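Only one structure is covered here, and it is reproduced in the block below.
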Amino acid sequence: MKAFDYHQAVDSEQAVAQAVRVSGAEDMAKYLGGGTNLVDLMRETVERPDALIDVTALSHAIDETPEGGLLIGAATTNAELAGDIRVRTRYPMLSRAILTGASAQIRNMATVGGNLLQRTRCAYFYDMATHCNKREPGAGCDAHEGFHRYHAILGTSSSCMATHPSDMAVALAALEARIHLRGPDGDRQLPLTELHREPGERPDIETELRPQELIVAIELPRLPMAARSGYRKVRDRASYAFALVSVASMVALDGGTIQDVRLALGGVGTKPWRAYRAEEALRGQPATEATLVTAVDAELAAAKTLPDNAFKVELARRTMIAELSRRIADARSGGDA
Ligand SMILES: Cc1cc2nc3c(=O)[nH]c(=O)nc-3n(C[C@H](O)[C@H](O)[C@H](O)COP(=O)(O)OP(=O)(O)OC[C@H]3O[C@@H](n4cnc5c(N)ncnc54)[C@H](O)[C@@H]3O)c2cc1C
Ligand code: SF4
């Protein structure tokens, strides 16, 4: 591992100032959350920062917003967020998404900010002996001809087909979360759905973050129908595995008609995948299986597959239909998700 400087920030202003100071002409600083992804990447020399700015002492608060939502400090751990009673009752899909990820030990360390910015789990990305456009633009992509069973089918490019690994981010995409940012040029907000980029020709540029920008908080809007939301993750083994396909969903009915819906996918997209096409095909339509099939097929029409990940189209199709059916049944009965 390359030697690096370590700084601990007491607040977000200090964190940004430290990052600006150490990121002079050649130096590069990275913010350090729980370190459960960044430190692994540093060990493999995939990440080689000159300095780490530890941001774990920043806000862990989960506060009510005046609009009836929640504002979550970026240093809140995955375990703290999943266990919060307001999250469990008002946004259960978020709690469930987090609890399907990693292990209890990792969730105790991992932060909300770090979870959103964790890097892909593509094995070639971690292996310095292979070709990877995300690590080294223009180097090529060994996954295309190699092992790509876990790779994405939506939002891919000829340069990269790596899946975004976060479960939490999928739920946050469906919940229309907003990211609060602080940087050298001040504060701004972004919808979660606009934080991550599709790879295009530059898979090494993964987000819309500006240099030294820090995630300070995540805002969940008031969303009553989220109280009957759910998250299902399909994977190779029952725990401690990344998603092959995951589905975050919520549905509001008006009689037999789908009045409103939110749908997001994990394990299939190069970014947390909000299924806008399917949502559009569902709103205002009768809550029947035929409607669900049409909507799901509309979303998956854009899928691009390779031999080993082609199975994900049918798996995503079935999981989405099953989850939407369940949300509709719950909405009809007025029960829990
Ligand atoms: C064995 C294993 C299994 C896992 N399984 C899953 C899974 O099934 N589902 C899932 O979703 N995740 C899974 N994870 C990933 C785990 O959830 C992430 O490693 C973790 O969420 C990252 O959080 P962290 O705080 O440790 O981030 P770090 O490793 O500290 O940082 C990750 C990135 O975020 C940046 N960063 C951190 N905080 C901020 C901030 N506030 N502002 C700006 N940048 C910041 C860092 O600079 C770094 O680039 C798994 C991890 C492991 C090791
Ligand atoms: S899929 Fe992306 S991350 Fe994986 S080897 Fe190809 S370029 Fe690298």
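Values quoted throughout were computed directly from the atomic coordinates according to the rules given, and no laboratory measurement underlies them. Since we're looking at a predicted model, the values are computed, not measured. Please note: Cβ atoms are built from the backbone with ideal geometry, for glycine as well, and neighbour counts cover all protein chains shown.
Is it the case that Leu181 is surrounded by fewer than 21 Cβ atoms within 10 Å (Cβ to Cβ), of a type in the set (A, V, I, L, M) and without any contact (Cβ under 8 Å) to a residue 60 or more places away in the chain?
no
Looking at region 70-82 only, could you name the residues that are out of contact with any Ser or Thr (no Cβ under 9 Å at 6 or more places or on another chain) and either charged (D, E, K, R) or buried (at least 22 other Cβ atoms within 10 Å of the Cβ) (or both)?
Correct list: Leu70, Glu80.
Mind listing whichever residues of region 137-146 are in contact (Cβ under 8 Å) with a residue 60 or more places away in the chain and more than 8 Å from ligand 2 (Cβ to nearest atom)?
The one that is in contact (Cβ under 8 Å) with a residue 60 or more places away in the chain and more than 8 Å from ligand 2 (Cβ to nearest atom): Pro137.
Specify which of the listed residues (Val313, Val261) is part of a strand (DSSP E or B) and in contact with a Ser or Thr (Cβ under 9 Å, 6 or more places away or on another chain).
That would be Val261, the only listed residue that is part of a strand (DSSP E or B) and in contact with a Ser or Thr (Cβ under 9 Å, 6 or more places away or on another chain).
Restricting to region 153-185, count the residues that are closer than 13 Å to Gly200 by Cα and either within 15 Å of ligand 1 (Cβ to nearest atom) or not in a loop (DSSP other than H, G, I, E, B) (or both).
Final tally of qualifying residues: 2.
Identify, from the list Arg188, Arg178, the residue that is more than 17 Å from the chain's Cα centre (by Cα) and among the basic types (Lys, Arg).
Arg188
Looking only at region 112-134, count how many residues are over 16 Å from Val39 (Cα atoms) and surrounded by 21 or more Cβ atoms within 10 Å (Cβ to Cβ).
So the answer is 6.
Please work out if Ala171 is under 24 Å from Val313 (Cβ atoms), among the hydrophobic types (A, V, I, L, M, F, W, C) and away from ligand 2 (no atom under 15 Å from the Cβ).
yes
Give the residues of region 189-218 that are out of contact with any Pro (no Cβ under 7 Å at 6 or more places or on another chain), buried (at least 20 other Cβ atoms within 10 Å of the Cβ) and part of a strand (DSSP E or B), sorted by residue number.
Leu214, Ile215, Val216, Ala217, Ile218
Please go through region 207-231 and give me each residue that is farther than 17 Å from Met168 by Cα and within 16 Å of ligand 1 (Cβ to nearest atom), ordered by number.
Within region 207-231, Glu208, Leu209, Arg210, Pro211, Gln212, Glu213, Leu214 qualify.
Of Thr65, Thr45, which residue is surrounded by fewer than 17 Cβ atoms within 10 Å (Cβ to Cβ), over 16 Å from Met168 (Cα atoms) and within 16 Å of ligand 2 (Cβ to nearest atom)?
Going through Thr65, Thr45 in turn, the sole match is Thr45.
Name the helices (runs of 4 or more DSSP H) wholly inside region 62-136 in which the number of residues that are of a type in the set (S, T, N, Q) is 1 or more.
Because the criterion is at least 1 residues that are of a type in the set (S, T, N, Q), the helices (runs of 4 or more DSSP H) in region 62-136 that meet it are 78-83, 85-90, 92-99, 104-109, 112-116.
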